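*Asks:* Questions regarding the structure given below will be posed in turn.
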Amino acid sequence: MAIKFDKKPGLVIYLTAGDPDLATTRDIAIAAIDNGADVIELGVPFSDPLADGPVIQRASERAVAKGTRLTDVLGIAKEIRAARPEAGLILFSYLNPVVRMGMKEFAAKAAEAGADGVLLTDMIVEEAGEYLEAMQANKLAPVFLAAPTSPDVRLKAIAENSKGFVYAISRVGITGTQSSLTSDASEIVGRLKRFTTLPIAVGFGVSNAEHVKAVGEFADAAVIGSAIVQLIEKTEPKEAAAAVGRFVAGLRA
Amino acid sequence: MGGAIDGKTSALVSPAGPVRSALGRFGVYGGRYVPETLMAALEELEAAYNAAKEDAAFQAELAGLLHNYCGRPTPLYYAKRLSEQLGGAKIYLKREDLLHTGAHKINNALGQGLLARRMGKQRIIAETGAGQHGVATATVCALLGMECVVYMGEEDMRRQELNVYRMRLLGAEVRGVSAGSATLKDAISEAMRDWVTNVRTTFYILGSALGAHPYPTMVRDFHRVISIEAKQQILEQEGKLPTAIVACVGGGSNAIGAFYEFLNDKNVQLIGVEAGGRGSAIGDHAARFAKVGGGVPGVLQGTYSYVLQDDAGQIALTHSVSAGLDYASVGPEHAMLHDSGRATYTAATDDEALKAVVTLARTEGILPALESAHAVAEAIILAPTMKKDDVLMVNLSGRGDKDMGILSKELHVSGAKAEVKA
């Protein structure tokens, strides 16, 4: 139960919880861990995912339509934690479901479920007072996003307020697959390293083994999201865990 | 002014950890809840806006165009026949419907367009619900020679198709959004995705007093001119302030513009009218402040305000006959005014709004936009309960030309008869 990246580069795998269904998400997470994922980012589906591209939008829409709630996501987090005590586990959400539950209650339940940390897509450091208190009170790692557009003064604040790792956004844009990484990715990691010794994970558009290898040359870990969510979308639910397992195993090949 | 916390920016905070910020707060509402990628752009926008606000040349150019291009000041018109028919307060209409492009939206689109030019941004994006903000933005882009992309829900494109054609005629690209309910909320999300992706070159002209700081403050400031003029006009015509001011509230831009200069005049009642739609169940209306079936505070599209949502925090679908009021959240300054009681919020149903269109058309020869008709509907209820020397001011935020398609479907008009279809 910790965020650590033993092998280089580390692998962070994002899943939209409840797509295709909660039990399958749990099984996929376990398969991903067994095939080399260091950290699972368990995404809480939201009706209005404005930082996400079409792939994760569609997954969120399917999961919301199935009635997936934050409480349900906390439930499978607990199951994943019980099944794989050593893996890193992050809850990934837009702010509103968390606000609706209540920040304190959410943090307590996330800790109880065995999560290591939390990433809130639309939470910036300036607004994070209550959030950081709740994280600290429950020994959870707040992970903030750092963007290529963030000036150094912001990167410094982001690095200083993050725990576990810092999530560097590889490019200016929303989530989604792409054919090659831009120079923004190494540039932002280089700037972030001046402010922190925490591991730096690079995500957005990291889609295949070639990208993972490239990320490994300048960062500690790669985050793979849309490519996995797309694979799940194309695969029969009962085959999804095995398919994701094979895909994750191939990422460090 | 008015007890609002104007846009103050806290510096980034030290290793001791940031505290809850004062970024564009209206009481506890407002703030800045966005993906990090947008933060540099919001900070750049805020700095540029603050500089423009103090720049006499910028303000003079804006005032000149508002006067000579848009037609400000708009009249404050005493609606004599309507007042007599209702038999109560004297009703005055603030004629924002007479502005160039047909609604108050041009006040803000022009202000932000000039700001974009000042910042050297050549590509403009906007969202639109009823299409009035999209038309205003397309117009400003034509005027200033800028590229324009407007996001619009496909449901709204269908019901406001004349405005879609208008935007395209003006040279804008209109991009349909099919996600969610395919209305204003979904158009805003898609515009924000575009902005996140093209933030280095693009200026987002947000059309209501919504979104992350500094938008709610900036949009309100550009619409303040409504109440600045109205206050002077009513003093000239009646020698006193109005008893009450009524305005429709979608995001709340025309209402906050109409209310703002009166916030400290505590005897002036401020009444916002939301879309009551076809019923009080979630999904059937857009009445965020309704006591039954209304919203609760939450975060949508960058700001903390009342939000229609389910008990798991998923944003609710909304319904209104008027595309411009059909939105799940509301500007954060209205949330503050609601909680403090300084303004009160009520709702008019689809049918009440449709009937109000007919009433105003046939008593005054003025065809209001369906959005503005919600304010007229409230005036029709309120005026008879008021005294003869009371003054009721209605902000007539837009004209109804764009709604002919919907009206012809929803109203049965034959000779002297005009009825809402069952």
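*Asks:* Looking only at segment A:105-126, which residues are facing another protein chain (nearest Cβ under 7 Å) and either hydroxyl-bearing (S, T, Y) or open to solvent by 10 Å² or more (accessible area, probe 1.4 Å) (or both)?
*Replies:* Selection gives A:T121, A:D122, A:M123.
*Asks:* Sticking with this structure for a sec: Among the candidates A:V189, A:V153, A:V172, A:V166, single out the residue that is away from every other protein chain (no Cβ under 14 Å) and either among the aliphatic types (A, V, I, L, M) or surrounded by 20 or more Cβ atoms within 10 Å (Cβ to Cβ) (or both).
*Replies:* Criteria check complete, one pass: A:V189.
*Asks:* Now a separate question. Going residue by residue through segment B:385-399, is there one that turns out to be open to solvent by 10 Å² or more (accessible area, probe 1.4 Å), more than 28 Å from B:T101 (Cα to Cα), touching a residue at least 40 places away in the same chain (Cβ under 8 Å) and of a type in the set (A, V, I, L, M, F, W, C)?
*Replies:* Yes - at least one qualifying residue is present in segment B:385-399.
*Asks:* Within the set of pairs 6+ apart or on separate chains, which have a first residue in segment B:282-311 that is more than 8 Å from every other protein chain (Cβ to nearest Cβ) and in contact (Cβ under 8 Å) with a residue 40 or more places away in the chain, a second that is buried (at least 24 other Cβ atoms within 10 Å of the Cβ) and among the polar types (S, T, N, Q), and C-beta atoms under 6 Å apart?
*Replies:* Close Cβ pairs (under 6 Å, with a partner that is buried (at least 24 other Cβ atoms within 10 Å of the Cβ) and among the polar types (S, T, N, Q)) amount to B:A286/B:T318; B:A286/B:S320; B:S305/B:S329.
*Asks:* Looking only at segment B:372-384, decide whether some residue is open to solvent by 50 Å² or more (accessible area, probe 1.4 Å), modelled with pLDDT of 95 or more, among the hydroxyl-bearing types (S, T, Y) and touching a strand residue (DSSP E or B) at 6+ places or on another chain (Cβ under 7 Å).
*Replies:* no
*Asks:* What strands (runs of 3 or more DSSP E) completely inside segment B:128-231 contain at least 3 residues that are within 19 Å of B:V249 (Cα to Cα) and open to solvent by less than 10 Å² (accessible area, probe 1.4 Å)?
*Replies:* Correct list: empty, since no element meets the threshold.
*Asks:* A further question on this structure: If I ask for residues that are over 19 Å from B:L370 (Cα atoms), in a loop (DSSP other than H, G, I, E, B) and touching a strand residue (DSSP E or B) at 6+ places or on another chain (Cβ under 7 Å), which ones from segment B:73-111 would you list?
*Replies:* Across segment B:73-111, the qualifying residues are B:T74, B:P75, B:A89.
*Asks:* A further question follows. For segment B:258-341, which strands (runs of 3 or more DSSP E) that fit wholly inside it have 1 or more residues that are farther than 26 Å from B:Y33 by Cα and either open to solvent by 10 Å² or more (accessible area, probe 1.4 Å) or at pLDDT 95 or above (or both)?
*Replies:* Ranges flagged: B:269-277.
*Asks:* Here's another thing I want to ask about it. Determine whether segment B:91-101 contains at least one residue that is buried (at least 23 other Cβ atoms within 10 Å of the Cβ), over 19 Å from B:L65 (Cα atoms) and of a type in the set (K, R).
*Replies:* Within segment B:91-101 (the criterion being buried (at least 23 other Cβ atoms within 10 Å of the Cβ), over 19 Å from B:L65 (Cα atoms) and of a type in the set (K, R)), the answer is yes, since at least one residue qualifies.
The values are calculated or read from the model by the stated rules, or taken from the named source; none is laboratory data. Treat the numbers as computed from the prediction; the structure is a model and nothing was measured. Neighbour counts run over all protein chains shown; Cβ positions are idealised from the backbone, glycine included. To get the accessible areas, we keep the full protein, side chains included, count just its heavy atoms, and leave off ligands, DNA and RNA. Shrake-Rupley method; radii C 1.70, N 1.55, O 1.52, S 1.80 Å.
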